[in-house]
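Visitor: The structure under discussion is supplied below as structure tokens; questions concerning it will follow.
The values are calculated or read from the model by the stated rules, or taken from the named source; none is laboratory data. Just so we're clear, the structure is a prediction, and the values are computed from it rather than from any experiment. Note that we place each Cβ from the backbone using ideal geometry, even for glycine, and neighbour counts take in every protein chain shown. These accessible areas exclude ligands, DNA and RNA; they are computed on the full protein's heavy atoms, side chains included. Shrake-Rupley method; radii C 1.70, N 1.55, O 1.52, S 1.80 Å.
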Amino acid sequence: MSSNLNERQQMAIALLCSGLSATEVAKELKVRKETISRWKNTPDFNEELRNWRLAFFDRLINRQ
């Protein structure tokens, strides 16, 4: 994980990658949906989210 992200941002990435919507993630983390949207627009968060998604698909492909 990127050291530039705080604990809530790291948790948000994990929850988004698990299939939760931004609204559901916001409720889980007790932040506003707009906060999740703002995080998703920052380079560090976006890059880490992309890395998690790529890792997920790599694991999925390797299982086939």
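Visitor: Just to be sure I understand the curve: with the Debye formula and one point per C-alpha of the chain, what is log10 I(q)/I(0) at q = 0.17, 0.26 Å⁻¹?
Guide: The Debye formula, applied to the Cα set alone, gives -0.56, -1.11.
Visitor: Take 31, 25 and sort them by solvent-accessible surface of the protein heavy atoms, 1.4 Å probe, largest at the top.
Guide: From most accessible down to least: 31, 25.
Visitor: Along Cα→Cβ, 7 Å out, is where each label goes; now give me the distance between the ones at residue 60 and residue 37 in nm to one decimal.
Guide: A separation of 2.6 nm, rounded to one decimal place.
Visitor: Using the Karplus curve 6.51 cos²θ - 1.76 cosθ + 1.60 with θ = phi - 60°, what ³J(HN,Hα) values do you get for each residue of the stretch 8-14, in whole Hz, with x for Gly and Pro?
Guide: 5, 5, 4, 5, 4, 4, 4
Visitor: What are the ³J(HN,Hα) couplings of the stretch 47-52, residue after residue, when phi is run through the Karplus curve with 6.51, -1.76, 1.60 and θ = phi - 60°? Round to Hz, x for glycine and proline.
Guide: Result, rounded to whole Hz: 5, 5, 4, 4, 4, 4.
Visitor: In Å², and per residue, what accessible area does the chain have when probed at 1.4 Å with the other protein chains present?
Guide: Ligands and nucleic acids excluded, the result is 75 Å² per residue.
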